[in-house]
Amino acid sequence: MKPISLTGIKPTGKPHIGNYLGMYRPALDLMKTYQGIYFVADYHALTIMHDPETLRELVYEVAAGWLALGLDPDEAIFFRQSDVPEIPELTWVLSCFTSKGLLNRAHAYKAAVDENLSLGRDPDEGVNAGLFNYPVLMAADILLYGSDVVPVGLDQKQHIEITRDIAEAFNRTYGPVLKVPEGIIQENVMKVPGIDGQKMSKSYNNTIPIFAPEKEVRKQVMRIVTDSKRPEDPKDPHDSTLFTLLSFFASPERLEEIRQLYVHGGAAYGDLKKELANLILAHFADARQSFADLMNNRGYIDDVLAQGAQKARRMGQPYLAAVRKATGID
Ligand code: TRP
């Protein structure tokens, strides 16, 4: 049996190329050496997403995105978080081994509190307990199957540390019941800039979507922020969002040519944007086709997720049984 790699993705936005480079691709690459577990974290999304239609739609889009980008549901275990009731059950048990102070220090909660304080509001205004307990649910996601590694972006590093703390606290009380996982932190690929040069993120509204209609993909690429230099002016490629994005999709030879155009003059932003849009559309051509097919066949997605949930439950149940036995809840 191969070691386990586990990845969850929250259905709070449409898949974009920052997700792909920072998350989907590295996670799928691990399939060669690990048994992959991938899931759509809809319970996590519920901490902020309270519109049922949107949530349902995004679960399909994220699931179709994984499949279209190459997740093989026969090889991987692929499911929707809310189809595995062992996860919330384990969440409760783990919450009894999580110091509240640890959660007070979690970045997402702390950021919400800091913002309230800076606006002179009650520290917990608008903060639901689900957001506060988010890291415990994530620990249950990971610990339920004895996961060995968890590939995540830098923004999730603290959540992995919290998971390890919780597992260790549990094990100190009952002996070595839970496997303490390792994070695989994707530091470099995290730095995929959005069209405005900040980190690409749906919260900044600066993404290039993978599966949107061609026109929309092109439009977003044309909106990449550039300076006012003319084509013949020399430019610094390291200070260019457009160049950085080209570097993910152009061949090494072409990228070197483009770099020369930047340095010596001759790089016209408009032309390079068109080139980037073409490269992105070509790179994802097959995935975009299969995404469209999948979204027209939601029954298939339902079946895949349901079968995946059965596998996940079978895999998690022995771990949960061990937890129940250790604690005396059995
Ligand atoms: N918190 C992760 C994010 O925001 C999503 C997630 C939920 C996750 N459960 C997980 C990631 C378990 C890795 C492992 O992106």
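The values are calculated or read from the model by the stated rules, or taken from the named source; none is laboratory data. Because the structure is a prediction, the values reported are computed rather than measured. With ideal geometry, Cβ positions are generated from the backbone for all residues, glycine too; neighbour counts draw on all protein chains shown. The accessibility values were calculated without ligands, DNA or RNA, using every heavy atom of the protein model including side chains. Shrake-Rupley method; radii C 1.70, N 1.55, O 1.52, S 1.80 Å.
Key figures for this structure:
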{"quantity": "Residue list for the stretch 74-93, filter: more than 18 Å from the chain's Cα centre (by Cα) and either not assigned by TED's automatic domain parsing to the domain that holds M138 or not in a helix (DSSP H, G or I) (or both)", "calculated": "D74, E75, V84, P85"}
{"quantity": "Of all residues in the stretch 151-174 being open to solvent by less than 10 Å² (accessible area, probe 1.4 Å) and part of a helix (DSSP H, G or I), the one that is farthest from the ligand (Cβ to nearest atom)", "calculated": "F170"}
{"quantity": "Count - residues of the stretch 198-223 that are of a type in the set (G, A, S) and either within 22 Å of A68 (Cα to Cα) or open to solvent by less than 40 Å² (accessible area, probe 1.4 Å) (or both)", "calculated": "2"}
{"quantity": "Search result, residues across the stretch 175-186 that are in a loop (DSSP other than H, G, I, E, B) and open to solvent by 90 Å² or more (accessible area, probe 1.4 Å)", "calculated": "P176"}
{"quantity": "Odd one out for V59, checked against (1) open to solvent by 40 Å² or more (accessible area, probe 1.4 Å); (2) at pLDDT 95 or above", "calculated": "(1)"}
{"quantity": "Any hit, the stretch 152-162, residues being closer than 12 Å to G18 by Cα, small (G, A, S) and assigned by TED's automatic domain parsing to the domain that holds M138", "calculated": "yes"}
{"quantity": "Residues of the stretch 277-314 satisfying the condition of being of a type outside the set (G, A, S), in contact with a strand residue (DSSP E or B) (Cβ under 8 Å, 6 or more places away or on another chain) and open to solvent by less than 40 Å² (accessible area, probe 1.4 Å)", "calculated": "V304, L305"}
{"quantity": "Residues located in the stretch 94-111, provided they are part of a loop (DSSP other than H, G, I, E, B) and small (G, A, S)", "calculated": "S99, A106"}
{"quantity": "All positions within the stretch 71-98 that are within 28 Å of T327 (Cα to Cα) and small (G, A, S)", "calculated": "S82, S95"}
{"quantity": "Any chance L137 is open to solvent by 30 Å² or more (accessible area, probe 1.4 Å), under 14 Å from H44 (Cα atoms) and either assigned to a helix (DSSP H, G or I) or within 12 Å of the ligand (Cβ to nearest atom) (or both)", "calculated": "no"}
{"quantity": "Conditions (1) under 19 Å from the mean Cα position of the chain (by Cα); (2) within 13 Å of the ligand (Cβ to nearest atom); number of the one not met by E187", "calculated": "(2)"}
{"quantity": "Tally of residues being in contact (Cβ under 8 Å) with a residue 60 or more places away in the chain and within 30 Å of G36 (Cα to Cα) across the stretch 106-144", "calculated": "9"}
{"quantity": "Pair list, Cβ under 6 Å, 6 or more apart: the stretch 1-13 residue in a loop (DSSP other than H, G, I, E, B), other residue near the ligand (Cβ under 6 Å from one of its atoms) and at pLDDT 95 or above", "calculated": "K10/A41; K10/H44"}
{"quantity": "In the stretch 18-35, the residues that are surrounded by 20 or more Cβ atoms within 10 Å (Cβ to Cβ) and either β-branched (V, I, T) or modelled with pLDDT of 95 or more (or both)", "calculated": "Y34"}
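Here is a yes/no grid of residues against (1) more than 16 Å from the ligand (Cβ to nearest atom); (2) of a type in the set (S, T, Y); (3) touching a Gly at 6+ places or on another chain (Cβ under 9 Å):
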{"position": "V93", "(1), (2), (3)": "yes, no, no"}
{"position": "N104", "(1), (2), (3)": "yes, no, no"}
{"position": "H107", "(1), (2), (3)": "no, no, no"}
{"position": "S118", "(1), (2), (3)": "yes, yes, no"}
{"position": "L144", "(1), (2), (3)": "no, no, yes"}
